[in-house]
1. Can you tell me, using C-alpha contacts under 8 Å and at least 6 residues apart, the relative contact order of the range 1-58 as a whole percent?
2. With the contact rule set at Cα under 8 Å and sequence spacing of 6 or more, what percent relative contact order holds for the range 1-120?
3. When averaged across all projection directions, what area in nm² does the alpha-carbon convex hull of the range 38-92 cover?
4. Most mobile of 82, 43, 13 per a Gaussian network model of the chain (Cα springs, under 10 Å)?
5. Quick one: grab Rg to one decimal and Dmax as a whole number for the chain, Cα atoms only, in Å.
Amino acid sequence: QVQLVESGGGLAQAGGSLRLSCAASGRTSSTYGISWFRQAPGQEREFVALITWNDGSTYYADYVKGRFTISSDNAKNTVYLQMNSLKPEDTAVYYCAGERPGRRWYDPDDHDDWGQGTQVTVSS
């Protein structure tokens, strides 16, 4: 099992920035990467970004592309999500999830390892 702990959420104004962290521990070798998802009130959880451990390949949802950057520090087993040009519609609880081989990375229902989530609120 992989343990994931998010941090860095908070309140930001529209146009501002926040940086989230996801610290992974346990059987991280069972994962090939880490994804960020988010869930707004009354909405389904949705994919935000993914990074692979071995070569740092990244993938983004269209609605964050160009504004958010995912990165990793493999020595610390930590993944970051730098969020710039924040919009009120980015308000959500942000979760990191372990990516296991053979699973649908874009489907939140196909993940076993989740952090507890961190709240991001963007005011207009």
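Please treat every number below as a calculation from the coordinates, not as lab data. Just so we're clear, the structure is a prediction, and the values are computed from it rather than from any experiment.
1. Working: 73 pairs, mean separation 15.1, N = 58.
Once normalised by length, the contact order is 26 percent.
2. 35
3. Working: hull surface 16.8 nm².
Quarter of the Cα hull surface area: 4.2 nm².
4. Residue with maximal mean-square fluctuation among 82, 43, 13: 43.
5. Every Cα atom of the chain included, Rg and Dmax give 13.4, 41 Å.
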